[in-house]
Amino acid sequence: MSKFWSENTKRLQPYVPGEQPKFSNLVKLNTNENPFAPSPLVLQAMHDVVNGDLRLYPDPNADNFKQTVADYYGLQKSQVFVGNGSDEVLAHAFAAFFQGKQQLLMPDISYSFYPVYCQLYDVKPRVIPLDAQFAINSADYTGAVAGVIFPNPNAPTGCILPLAMIEKILQANPDCVVLVDEAYIDFGGVSAVKLIADYPNLLVVQTLSKSRSLAGMRVGLALGQAALIEGLERVKNSFNSYPLDRVAQAAAIAAFKDDGYFRSTCKKVIDNRIWLTKQLRQLGFEVLPSYANFVFACHVEKAAEEIAVFLRQHGVVVRHFQQARIDNFLRISIGTVEQQQRLITVLKELL
Ligand code: PMP
């Protein structure tokens, strides 16, 4: 390790993202991307920018995009924050609300970036086990000091926490931020955005990477009362003056405006999830009820790792986590009908 590195870097354990294979002929069902292309209006908007004012700096406040999101959700522009993917928005939230504090409550099985940010921002997490059905038990989420963070639906389980239970967590922890990470909310869940008016401690984080097919673009947002959003803006303004480039701002606006395309894509993902769940159950998998664009499944006889290796050898990539309690599960992203048929055909060779 270089003598020039700060002491702090020595304790950091970097986040390890899912594999992004270089071969396009693989059936890629490992990182929860949307199998469908972005809306044609998004592509047109990007094209227009590329042929237009790319030599100019982008709007540093992304005002048009914020207003579009505010109109979509019935909020004020001052209640919308935007960033380069929700991972960046989450990082700003850690810096603004949790940094240097004790007792950030989070589920023990959850998005694996949270512990990484805890290290980076010197936050002491308190992990709370999921119940026997892999659900978050809201009654366990009391006594937070830094705050509370969880994905809803949870990742990688896909399980959903009803709004009434989220309200219990908000009420039990009125003096700290409760961050609900809604990366997968559009695939059948009900957003907590409607609770924002009643709860000054609620921050909802969303992404355009999943339901709006823009993972390659990197656009995320946070929604909450203006005082919380101001905290995020302060962090952003100390660090990144142009959070979204011109192409991303235009694409993001178009993605929210083309609601018909968005709805039909989400419906196709949900339909494919229903089909895949049924097929996997017929092959002897236990599949948790999913509200996300992936399923979390455990085979009754074959070890998950062996299945993942076999699939990979046959050109299908799924995600396996080496983590206690879930190491016999596979997380399989929802794909097109053809991709899923290929997955099932390969599984039938093994099982
Ligand atoms: N939150 C959760 C729960 C996720 O699974 C992901 C995707 N890995 C993200 C946030 C980050 O998504 P992005 O940075 O692409 O917006």
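Tabulated results
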| item | result |
| --- | --- |
| Choice from 216, 189, 335 showing the highest fluctuation, given a GNM over the chain with Cα pairs closer than 10 Å | 216 |
| Part-to-part distance (alpha-carbon centres) for region 217-271 and region 190-209, which is given in Å | 13 |
| Principal axis dimensions, largest first and in whole angstrom, of the chain by Cα | 55, 52, 51 |
| Once exposed loop trypsin sites (Lys or Arg not before Pro) are cut out (DSSP; at most 11 other Cβ, 10 Å), longest piece of the chain | 56-351 |
| Zero-based 5 Å bins, Cα pair distances in region 248-291, whole percents | 5, 20, 18, 14, 12, 10, 10, 7, 3, 0 |
| Straight-distance crosslink candidates among aspartates and glutamates, where the alpha carbon sits under 15 Å from residue 278 and sequence neighbours closer than 8 are dropped | 286 |
| Highest-fluctuation residue, 149, 166, 128 considered, GNM on the chain with Cα pairs under 10 Å | 128 |
| Net lengthening on full extension, residue 325/residue 163 (0.36 nm per residue, minus Cα-Cα) | 55.7 nm |
| Length-normalised contact order of the chain in % [C-alpha pairs under 8 Å, at least 6 apart] | 23 |
| Under 13 Å, Cβ to Cβ, from residue 165 - net charge with Lys/Arg +1 and Asp/Glu -1 | -2 |
| For residue 82, residues with placed amide H under 5 Å, excluding near neighbours | 222 |
| Taking only Cα atoms of region 100-228, radius of gyration then Dmax in Å | 13.9, 38 |
| Loop sites in region 289-351: GluC sites (Glu not before Pro), DSSP, at most 16 other Cβ within 10 Å | 301 |
| Modelled FRET efficiency - R0 41 Å, residue 349 with residue 50, Cβ distances, 0.05 increments | 0.35 |
| Percent RCO, i.e. relative contact order, over region 285-351, from Cα pairs under 8 Å lying at least 6 residues apart | 32 |
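No value in this document is a laboratory result; all are computed from the given coordinates. Keep in mind the model is a prediction, meaning the values are calculated, not measured. Heads up, the Cβs are rebuilt from the backbone with ideal geometry, glycines too, and the neighbour counts pull from every protein chain shown.
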